[in-house]
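Beneath this line is the structure, given in structure tokens, with notes to follow.
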Amino acid sequence: MTLEAHLDAYIEHLRRERQVSTHTLDGYWRDLNKVRTFCEAEGLSDWTGLDTRNLRRLVARLHQQGLASRSLARLLSATRSLYQYLLREGLCRHDPATGLSPPKRERRLPRTLDADRSAQLLDGAVEDDFIARRDQAMLELFYSSGLRLSELVGLDLDGLDLPAGLVRVRGKGNKVRELPVGSMARQALEHWLPLRKLANPGDGAVFISQQGRRLGPRAVQLRVRQAGVRELGQHLHPHMLRHSFASHMLESSQDLRAVQELLGHADIATTQIYTHLDFQHLASVYDQAHPRAKRKGGSE
């Protein structure tokens with residue numbers, strides 16, 4: 001059987017025996033077709049001819065062409081699955097994907113607001129009405145305490161202790177943590193909560209609509225985005241406020257463990273990304289301030 005015939009038989013096996021969805025089948029076929037095309041270009045007439053060295057070369061080539069690490073991982077997973085099928089059917093004696101892993105994904109640094117832009121967002125005049133006071137309280141709490149979107153949406157009144165300046169949230173893995181609430185966020189919440197009562201809330205949610213229903217994630221995202229456009233002239237999302245909180249806390253305190261606790265990260269490696277943001281800030285200051293930072297030969 002040819003490469004294409006074996007591939008067609010495998011896809012049919014996925015459809016009939018494993019009842020894989022059409023979407024997943026399309027993904028398998030696209031990935032494995034890349035491998036098949038490579039084999040044909042290498043003069044390999046069947047799947048037994050593909051070895052680990054050749055497959056590694058294909059992965060490297062696709063990576064150079066811009067295929068993302070996640071896509072390469074999916075391609076290798078599809079290849080392993082194909083060879084497991086070929087091994088079971090007695091059509092092959094090896095799996096060239098064994099031990100292969102995709103290139104490490106480049107970790108993109110999160111976008112943040114600097115302290116001045118954060119102040120510009122939060123320090124503008126606020127109308128004394130239901131929506132304006134609610135939205136201001138949400139923005140202040142996001143930035144004050146570094147909440148995730150899900151944590152703010154799920155926040156109930158019994159999680160607030162404004163006299164003590166604390167908020168209790170339930171984060172990933174159902175873990176509960178207590179966080180400080182800054183004075184400006186407390187003030188914004190104190191303005192908002194009396195207006196909240198007027199909407200006859202249906203439950204204990206802190207942030208509700210004018211109909212008294214708990215705000216959902218999309219509604220909060222929309223209000224944050226609108227505030228960003230109105231106050232900053234840019235799109236803004238809740239996680240950018242969380243990132244800004246983390247970056248500014250680390251920049252000021254240099255206490256990585258404390259920031260990890262505040263963010264609720266299980267692994268400190270997740271928090272360490274903010275050290276790169278801090279280095280970027282330092283590098284920018286160096287470029288602007290050091291008399292020889294930008295000299296690349298010749299006089300200036």
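The values are calculated or read from the model by the stated rules, or taken from the named source; none is laboratory data. A quick note: this is a predicted structure, and the numbers were derived from the prediction, not measured. Please note: Cβ atoms are built from the backbone with ideal geometry, for glycine as well, and neighbour counts cover all protein chains shown. For accessibility, only protein heavy atoms count, side chains too; no ligands or nucleic acids. Shrake-Rupley method; radii C 1.70, N 1.55, O 1.52, S 1.80 Å.
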### Message
Relative to 2.2 N^0.38 Å, what does the C-alpha radius of gyration of the stretch 115-289 come to as a ratio? Two decimals please.
### Response
1.05
### Task
Let me have the relative contact order for the chain, percent, based on Cα pairs under 8 Å that are six or more residues apart.
14 percent
### Task
Calculate how steeply helix 69-88 sits against the longest principal axis of the alpha-carbon atoms of the chain, using the helix alpha-carbon long axis, and give the answer as 0 to 90 degrees to the nearest 10.
40 degrees
### Message
Please enumerate, by chain and number, the aspartates and glutamates with C-alpha under 16 Å from the C-alpha of Lys175, excluding those fewer than 8 residues away in the same chain.
### Response
Glu151, Asp156, Glu261, Asp267
### Query
So, counting K/R as plus one and D/E as minus one, what does the shell of residues with Cβ under 12 Å around Val220 add up to?
+4
### Message
Just to be sure I understand, if you calculate Cα extents along the principal axes in Å for this structure, which of (1) 56, 50, 43; (2) 75, 67, 34; (3) 75, 46, 38 do you get?
### Response
(2)
### Summary
Summed over the other residues with a beta carbon less than 10 angstrom from that of Phe142, with K and R at +1 and D and E at -1, the charge totals 0
### Message
Please give the charge dipole size of the chain, origin at the Cα centre, charges +1 on K and R Cβ atoms and -1 on D and E Cβ atoms. Round to the nearest 20 debye.
### Response
580 debye
### Portion, in percent, of the accessible area of the chain that falls on carbon or sulfur, probe 1.4 Å
48 percent
### Task
Kindly provide the GluC sites (Glu not before Pro) of the stretch 1-59 that DSSP labels as loop, not H, G, I, E or B, and whose Cβ sees at most 13 other Cβ atoms within 10 Å.
Glu17, Glu42
### Task
Within the stretch 14-81, report the trypsin sites (Lys or Arg not before Pro) that DSSP leaves as loop and that have at most 14 other Cβ atoms within 10 Å.
Arg18
### Query
What aspartates and glutamates sit close enough to Lys34 to cross-link, taking a C-alpha to C-alpha distance under 19 Å and skipping anything fewer than 8 places away on the same chain?
Glu4, Asp8, Glu12, Asp26, Glu42, Asp46, Asp51, Asp95
#### Entry: Heavy-atom accessible area per residue - the chain, 1.4 Å, Å²
58 Å²
### Query
Just Leu179, Leu198, Leu62 to compare: in a GNM of the chain, with alpha carbon springs under 10 Å, which one fluctuates most?
Leu62
## Note on the structure
Net charge near Leu7 (other residues with Cβ under 14 Å of its Cβ; Lys, Arg +1; Asp, Glu -1) is -4
